[in-house]
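The values are calculated or read from the model by the stated rules, or taken from the named source; none is laboratory data. This structure is a prediction, so every number in the text was calculated from the model and none was measured. Neighbour counts are summed over all protein chains in view; Cβ atoms, including those assigned to glycine, are modelled from backbone coordinates with ideal geometry.
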Amino acid sequence: MTFTDLALHSELLQGLEAIGFKEATPIQAEAIPVVLAKHDLVACAQTGTGKTAAFLLPILHKIVTGRDQRPQGGINTLIIVPTRELVIQIDQMLEGLSYFTPVSTIAMYGGSDSASFSQQKKALSEGVDIVVATPGKLISHLNLGYARFDTLEHLVLDEADKMLDMGFYEDIVRIISFLPKNRQTLLFSATMPPKIRTLANEILQTPQEISLAIAKPAESITQASYWVYDQQKTPLLHHILRVHEHFKAVIVFSKRKEQVKALASALANLGHSVRGIQSDLEQSEREDIIREFKNKQFRVLVGTDIIARGLDVQGIDLVINYEVPTNIDDYVHRVGRTARAESEGYAFTFVGEREQQDFYAIEAFLGKEITRFDLPEYIGEAPPVQAPGERRRGGNKGHFKKKRSGSNGKKPGNYPRKSS
């Protein structure tokens with residue numbers, strides 16, 4: 001289905017053509033007609049499926065086509081997201097999609113200077129078409145009493161599961177208490193746990209539902225794993241980065257911000273060009289790090305899952321999971337940072353002795369066994385394999401056999417080099 005088939009405004013079609021969007025993704029094809037029909041919506045779709053445009057395009061269409069029927073001033077749409085990075089990403093998408101329209105937007109997130117705060121205050125008090133904000137920043141304005149939401153027509157909660165995981169439930173409820181009850185509410189989430197169902201029941205009115213199964217990683221991603229003791233992970237990471245210098249852009253994911261700091265420091269001491277990014281940094285520092293990484297000013301970016309859902313960088317050669325992600329969708333989000341725009345990429349996961357069951361769950365979802373690489377001899381023996389009986393392997397140091405059905409049989413370090 002093309003965007004022309006969806007009967008979007010000609011000014012939006014110009015913007016879509018300018019940024020190279022031609023055909024609608026499945027979530028866009030399903031969600032856009034629902035939003036245009038003014039239904040509340042609960043949509044379950046992972047990052048990377050085009051869900052941002054799935055709610056932005058119909059909202060922009062409604063704003064452009066209905067401008068003459070609305071009074072001047074006021075706020076039309078509020079989009080709430082969990083992280084600063086996602087605010088920036090949506091704001092950039094808005095800039096492209098609305099380039100040929102008169103729609104006004106503003107992004108609000110923590111760490112803004114006084115000039116930005118004054119600009120945000122003016123927009124909230126005098127009116128702007130679309131506000132994209134993190135919960136904490138928006139509440140800081142609401143507490144001062146000048147925000148006007150009496151004209152609000154659309155509320156969007158994006159990455160709702162991540163917001164609840166980050167403890168924003170009470171903030172969301174407080175924000176909604178400032179909004180008119182007669183509005184269209186759209187809830188987008190990568191997963192649909194019971195707490196999201198509860199939230200949806202509380203704030204939406206007879207919503208329609210769209211659920212797209214978690215897409216598996218692209219076939220162009222070469223996935224592999226190393227089975228290790230925890231103390232072997234950093235030496236192994238150093239080995240991979242040193243031996244495979246043809247990987248020019250690498251992201252290392254860790255679950256904890258303390259581990260991000262320690263890893264970035266350890267890799268820097270080992271001579272690698274590396275920066276760490278996590279929530280303790282000032283916003284200006286985080287933006288500088290992402291910009292420098294995009295510009296290839298350093299090679300290795302170490303971060304938490306905050307960058308899996310809010311970072312859009314082309315040309316990532318390798319993703320390394322320092323720990324096995326607890327959730328399958330987090331694994332898909334992480335490895336999806338590589339092999340974008342139909343390029344090739346690599347994703348390696350370090351499977352600790354207490355992480356094997358989580359890794360088996362990922363393999364079960366993928367429907368295949370991910371290739372296991374043996375450790376370099378100088379790093380030591382791998383831990384014993386603690387697998388379900390039907391998958392247990394005996395023999396040499398608890399390793400899996402080097403080549404099995406479904407494996408590509410690659411030996412450690414035998415990756416194809418990319419041309420420079």
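State whether one or more residues within region 90-106 are aliphatic (A, V, I, L, M), in a loop (DSSP other than H, G, I, E, B) and within 29 Å of H333 (Cα to Cα).
Checking region 90-106: not a single residue is aliphatic (A, V, I, L, M), in a loop (DSSP other than H, G, I, E, B) and within 29 Å of H333 (Cα to Cα).
Among the residues of region 251-265, are any in contact (Cβ under 8 Å) with a residue 40 or more places away in the chain and either over 28 Å from I362 (Cα atoms) or of a type in the set (G, A, S) (or both)?
yes
Given the criterion more than 27 Å from Q92 (Cα to Cα) and small (G, A, S), identify the matching residue among A249, A264, A215.
Of the residues listed, the single one that is more than 27 Å from Q92 (Cα to Cα) and small (G, A, S) is A264.
Can you say whether P33 is without any contact (Cβ under 8 Å) to a residue 40 or more places away in the chain, out of contact with any Ser or Thr (no Cβ under 7 Å at 6 or more places or on another chain) and part of a helix (DSSP H, G or I), as far as the supplied structure shows?
Answer is yes for this residue.
Being charged (D, E, K, R) and closer than 19 Å to G352 by Cβ is the filter here, so list the residues in region 252-277 that pass it.
Selection gives K255, R256, K257, E258.
Name the residues in region 65-85 that are aliphatic (A, V, I, L, M) and either part of a loop (DSSP other than H, G, I, E, B) or not assigned by TED's automatic domain parsing to the domain that holds L124 (or both), would you?
V81
Scan region 58-74 residue by residue and report those that are among the small types (G, A, S) and exposed (fewer than 14 other Cβ atoms within 10 Å of the Cβ).
G66, G73
With respect to the numbered conditions (1) under 29 Å from G367 (Cα atoms); (2) surrounded by fewer than 19 Cβ atoms within 10 Å (Cβ to Cβ), which one is the sole condition not fulfilled by E245?
Result: E245 fails condition (1) only.
Quick check on region 315-337: of everything there that is in a helix (DSSP H, G or I) and touching a Pro at 6+ places or on another chain (Cβ under 7 Å), which residue is surrounded by the most Cβ atoms within 10 Å (Cβ to Cβ)?
So the residue we want is V335.
Please indicate, with yes or no, whether at least one residue in region 214-236 is assigned by TED's automatic domain parsing to the domain that holds E344, on the phi < 0 side of the Ramachandran plot, surrounded by 13 or more Cβ atoms within 10 Å (Cβ to Cβ) and among the basic types (K, R).
Looking through region 214-236, at least one residue is assigned by TED's automatic domain parsing to the domain that holds E344, on the phi < 0 side of the Ramachandran plot, surrounded by 13 or more Cβ atoms within 10 Å (Cβ to Cβ) and among the basic types (K, R).
Would you call A160 in contact with a Leu (Cβ under 7 Å, 6 or more places away or on another chain), within 18 Å of V87 (Cβ to Cβ), modelled with pLDDT of 90 or more and not β-branched (V, I, T)?
Yes: the conditions hold for A160.
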